[in-house]
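For reference, the structure discussed in these notes is given below.
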Amino acid sequence: MEGCDCVEPQWPADELLVKYQYISDFFIALAYFSIPLELIYFVKKSAFFPYRWVLMQFGAFIVLCGATHLINLWTFTIHSRTVVLVMTVAKASTAVVSCATALTLVHIIPDLLSVKTREISLKNRAEELDREMGLIRTQEETGRHVRMLTHEIRSTLDRHTILKTTLIELGRTLGLEECALWMPSRSGLNLHLSHTLRHQKPVESIVSINLPIVNKVFSSNRALGIPHTCPLARIGPVVGRYVPPEVVAVRVPLLHLSNFQINDWPEFSARSYAVMVLMLPADSARKWHGHEFELVEVVADQVAVALSHAAILEESMRARDLLMEQNVALDLARREAEMAIHARNDFLAVMNHEMRTPMHAIIAHSSLLLETELTPEQRLMIETVLKSSNLLATLINDVLGLSRLEDGNFELEYGTFNLHAVFREVINLIKPITAVKKLPVTLTLSPDLPVCAVGDEKRLAQIILNVTGNAVKFTKEGYISVSASVAKPDLLSRNADFYPVASEGHFYLHVQVKDTGCGISPQDMPHLFTKFAESKNGPNGSIGGNGLGLAISKRFVNLMEGDIWVDSEGTGKGCTAIFVVKLGNCEAPNESILHIAPPARLIHN
C-alpha cells in the first residue's frame, strides 16, 4: 500500500466556476436524457414519418452526449485514472455518433426542409379521393338515370310504347344523335329496323342475322363499340363531315315463348335477341365512358323485362278471350245437353208407361196361344211373335236400366228374398223361348247354397236373366246348364284379379251358365261387355250382337262388389259365363219366404 500512488495530481481551479460547471453539466445531462424519451413518444404517436431510423440514430447521439456530461461531474473533484478512461471512451463514442448523424442529416435535411414529400403524398391522396368521389357520383347518377328510365319504361305494358319511350329517354339522358332498335323477323334469319329516335326508318332496312358484327353483339352481354360504317349503324344520313360518330350496340333478350304470336310480333321457337344501337353526335370530342356503358346495359335488361311483361299480358288477354269463347260454347253445349236429357227422359217415360204394358200383354197372349191346337204355320208365326216380343221387352228393360246407371242416381234396393225362387223364376221366364228352340235347360243348386239371402232381388234376377238369355240366343242345338253355389277359391282359379273373402255377415254367390252354342273367338273376347258389340260368331256364321244385356249385367255385378267373365275354347265349342256377387246372410228368414222354396235341387225344362 505504501508504493501505490492512487491520487493523481490535480490542476488548480476556481471553486465558483467549477461549481457552475458542475451544475450546468448536471442539467445538460438531464436534458439530454429527456430528449430521447420525447422522440420515442413522438415516433409512437406519429402515423406517418419516413425517417424513423434517423431519429433512433439522433437519439443515440443525444444519449451519449448526456452520458458524457454526466461522467464529467466526477472530474470536478479528485478522480482516478478510471474516470478519465471512461470519460475518454464516452467522448470518443459521442464523436463517432455525432459525425455519423451529421453526415446523415446532410442528406435528409433538404427533404425535411422542403414540403415536396408531403405535398406529393397529399396530392396522391387527394387524387385517390377525387377518383372515389367521382365513382360514387357516377354510380349515383347512373342509378338515378336507371330508376328514371325504369319508371318510364314500366309505366305502360304496350310494347310499342315501351320501345319508343326507351329511345326517347336514352336520347335525352345521354345526349344521343340517334338511337334505334333492330328486331328479328318472323323467319328469324334477318333483323329489321323497327324503331328510331329521329330519322324516318327506311323501307328496306334489313340486316342479315349471320353477319359477323351481329354475331359478335349477340355473343356478348355487354355493350360493344361498333364501326359507324357497319350495317347496324346505317340508320340515317351522317351529319358530321370530319369526325365520325361513336356508335355502341347492345343485345336485348326477347321472351322465349313457342306459342306467342300476336299481330306482327315474331314467334320465338328458340332464344333470340334484338339489337339496340346508340350513336353520339358527329364532329364532337365526346367519347363513351364506362358508366354510360353500364347504363346502356342496365336499360337493355330492363327493356327485356318490360317486353316480357307485355308479352305475358297480351298472352293472358288472348287466353282470357279464348276462355270466354270456350265458356260460351260450353254454355251452349250444356243447354243442348239439357235439352237432350229432357228428350231422353220423355222418351224413357213413354217406353216405361206406353210400351212395356202392351208388350207384356203380347208375350202373355202369345204364350197362351202356343198351348192351344195350332197348325204348323200358325205355330211358327206365334213363335216368331213371342220371340220378337221377348227380345223387344228385354231391350226396353235394358234401356231403362242403362239410363239410370249412366245418370249415376241408381242405387241397389236391399231386402230379404228367397234365393232359390229367383233362379226358378228366371228359368220359367226363358221357358217359352227354349221350348220353341227345343233346348233342354238344367238348373243345379249346390247343397251349401242358402235359401234366404239379403240383397237386390230384382237386379240379381236381371243379371241371371240377361246371362241366360244371351246363352239361349246364341245356342241353336245342344243344352244350357245353370249352376249356383257359394263361391270358393278353387272355383275362381281362372280369374286371378278377383279374390272374394266371405265373413259372418255376407257370402259370395257363384253362378255359372254353360251352353253349347257358337262359342266366342279370341278377338271378340275384349268386346263382350260393350254395348251393342257385334261378332261373326252367330248361328250359321251370321253376325250377332250382345245388345245391352251383358253391359248392364257387368255394371250391376260391379255394384254388388263382384265380377263377371266369360270362358270359351273357341268358335263352335260353346262358352261358359261366370259371375260372382256379394249377398248378405239372412239370420231369421220369414216362413212365407221359405214356403216358396223349390223342393228339388235339380230342375229340368
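The values are calculated or read from the model by the stated rules, or taken from the named source; none is laboratory data. In this text, all values refer to a predicted model and were calculated from it rather than measured experimentally. Neighbour counts run over all protein chains shown; Cβ positions are idealised from the backbone, glycine included. Accessible surface areas use protein heavy atoms only, side chains included; no ligands, DNA or RNA. Shrake-Rupley method; radii C 1.70, N 1.55, O 1.52, S 1.80 Å.
Probe radius 1.4 Å, ligands and nucleic acids left out: which of Glu246, Glu587 has the largest accessible area, and how do the rest follow? Don't skip to the answer; put the middle values down first.
Values: Glu246 65, Glu587 180 Å².
Of Glu246, Glu587, the descending order of accessible area is Glu587, Glu246.
Quick one: ranking Glu292, Glu425 by accessible area, 1.4 Å probe, largest first, what do you get?
Numbers: Glu292 15, Glu425 95 Å².
The residues order as Glu425, Glu292, largest area first.
If I take R0 = 45 Å and measure r between the Cβ atoms of Ile120 and Arg172 in this structure, what FRET efficiency does the formula 1/(1 + (r/R0)^6) give, to the nearest 0.05?
Values: r = 43 Å, r/R0 = 0.95.
Given R0 = 45 Å and the Cβ-Cβ separation, E is 0.55.
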Checklist entry - Give me the log10 of I(q) over I(0) for the stretch 288-330 at q = 0.16, 0.24, 0.33 Å⁻¹, as the Debye formula computes it from C-alpha points; what are the numbers? => result -0.57, -0.77, -0.97
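Of Lys476/Lys554; Lys123/Lys287; Lys473/Lys582; Lys431/Lys488; Lys438/Lys573, which ones are farther than 21 Å apart at the Cα? Let's see the in-between values first.
Details: Lys476/Lys554 25 Å; Lys123/Lys287 27 Å; Lys473/Lys582 27 Å; Lys431/Lys488 30 Å; Lys438/Lys573 19 Å.
Check vs 21 Å cut-off fails for Lys476/Lys554; Lys123/Lys287; Lys473/Lys582; Lys431/Lys488.
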Checklist entry - Between Gln57 and Ser503, how many nm apart are label points set 7 Å from Cα along the C-beta direction? => result 11.0 nm
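Could you tell me what fraction of 2.2 N^0.38 Å the Cα radius of gyration of the stretch 418-479 comes to, as a two-decimal ratio?
Working: Rg = 12.5 Å, N = 62, 2.2 N^0.38 = 10.6 Å.
After normalising by residue count via 2.2 N^0.38 Å, the value is 1.18.
For Ser446 and Leu73 in one chain, what is 0.36 nm times their gap in residues minus the Cα-Cα distance, to one decimal in nm? Let's see the in-between values first.
Values: separation 373, 0.36 × 373 = 134.28 nm, distance 14.65 nm.
Stretched fully, the Ser446-Leu73 segment lengthens by 119.6 nm.
Kindly rank 58-65, 436-443 from highest to lowest mean number of other beta carbons found within 10 Å of each residue.
Details: 58-65: 19.9, 436-443: 16.6.
For the peptides 58-65, 436-443, the packing ranking is 58-65, 436-443.
Show me the ranking of peptides 555-562, 461-468 by mean Cβ neighbours inside 10 Å, starting with the highest.
Working: 555-562: 18.8, 461-468: 23.0.
In descending order of packing, they fall as 461-468, 555-562.
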